[in-house]
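Only one structure is covered here, and it is reproduced in the block below.
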Amino acid sequence: KLDGNLNDSSGNNRHGTPPIIQTSSLWLDAADTSTNSIQLGSGNVQTWKDKSGNGHDANQSAGGSRPSPVSNGLNGLQVLSFDGTADHLVSTTFVLENAHSIYAVAKSDSNGWGRIVAGATNGYYFFGNGNGTNNFSTFYGSGSWNEYADNTPASSVANASILGVVSDGTNATPYQNGSALNTKSSNMGGAAPAGLMVGKHQTGNNSQYWDGFMGEIIIFNKNHSVNEREEVEGYLAQKWGLT
């Protein structure tokens, strides 16, 4: 017997989930309001649980730095609001491989730099807003960031969007609402160290807090084919009422 969140009596919340999503390396889903996904502390999000089954939960112990749940935030579903000044979460165990595919549903309320996800210890990679605008950008760096690639489309993230980037370990192509942007280098100078920052730059460096909301983040340590990418984008579009 399933409840309204598609959870059964054993707490399994994966009924009805497309098989490709079940192969993810990290899956953060704000729409799932159960404790299998969102755990609150003083009304804000203390833990955003990893629904992939890999245990890469994103946590925040400081009460003043926790994002806020917003019911009916998008398409009748809950989203998490990040305040742009302090809110962020950290997964200490997740490692992004050089070949990967990252997807998110998010909206930006600021035209400054802001990160949806980034490397937690050295900032090797960036997925969020860039160039002082609220346009979607992805960056990859080799050590000191002397070498990096940026991809900034004309389309703004001021409206909720499906954002993605697919990397084969050498080159990365970002996507916004299914449209490809400029493909550039994705060299990170080797696999990134363990750790993922959600909503902020790496610890102690330039902050770059996300100002806006996030609905879902799905990461695969795999270079997706066109069909695989479109399957994930289609799942997110149907769920969140986007194109």
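The values are calculated or read from the model by the stated rules, or taken from the named source; none is laboratory data. Since the structure is predicted, the reported quantities are computational estimates derived from the model, not experimental observations. Cβ sites come from the backbone with ideal geometry, for glycine too, and all protein chains shown count toward neighbours. Accessible surface is based on the protein model in full, side chains and every heavy atom, while ligands, DNA and RNA are left aside. Shrake-Rupley method; radii C 1.70, N 1.55, O 1.52, S 1.80 Å.
At 0.36 nm per residue, and after removing the present C-alpha to C-alpha distance, how many nm does the segment from Ser156 to Asn54 gain when stretched out fully?
On the way: separation 102, 0.36 × 102 = 36.72 nm, distance 3.28 nm.
Length difference between fully extended and current span is 33.4 nm.
Which far-off residues, 5 or more places away or on another chain, put their amide H under 5 Å from the one on Ser52, with H placed in the peptide plane?
Residues meeting the criterion, in which the H sits 1.01 Å from N, are Trp27.
Got a sec? What order do Lys239, Lys200 fall in by accessible area at 1.4 Å, biggest, i.e. largest, first?
Values: Lys239 45, Lys200 15 Å².
Reading off the accessible areas and sorting them downward yields Lys239, Lys200.
In whole Hz, with x marking every Gly and Pro, tabulate ³J(HN,Hα) for the range 226-243 from phi via Karplus 6.51 cos²θ - 1.76 cosθ + 1.60, θ = phi - 60°.
Each residue's phi maps through the Karplus curve to give 4, 5, 5, 4, 5, 5, 5, 4, x, 4, 5, 5, 5, 5, 9, x, 10, 9 Hz.
Just how much of Thr92 is accessible, in Å², when a 1.4 Å probe is used and the result is rounded to the nearest 10?
Rounded to the nearest 10, that gives 100 Å².
Ordering Tyr209, Tyr125 by accessible area with a probe of 1.4 Å, largest first, what comes out? Write down the numbers at each step before the final one.
Working: Tyr209 45, Tyr125 5 Å².
Output order, biggest surface exposure first: Tyr209, Tyr125.
Could you state the accessible area per residue of the range 72-116 in Å², with a 1.4 Å probe and every protein chain left in place?
Values: 1560 Å² over 45 residues.
In whole numbers, the range 72-116 has 35 Å² accessible per residue.
Work through the residues other than Val166 whose Cβ is under 12 Å from its Cβ and net out their charges, Lys, Arg +1 and Asp, Glu -1.
Summing Lys/Arg as +1 and Asp/Glu as -1 gives -2.
Report ³J(HN,Hα) in whole Hz for each residue of the range 172-180, in order, from the Karplus equation J = 6.51 cos²θ - 1.76 cosθ + 1.60 where θ = phi - 60°; Gly and Pro get x.
Per-residue couplings from phi come out as 10, 10, x, 9, 10, 6, x, 9, 6 Hz.
In whole Hz, what ³J(HN,Hα) sequence does the range 103-119 give by Karplus (6.51, -1.76, 1.60; θ = phi - 60°), x for Gly and Pro?
With the stated coefficients, the range 103-119 comes to 9, 7, 10, 7, 9, 9, 10, 9, 9, x, 5, x, 10, 6, 9, 7, x Hz.
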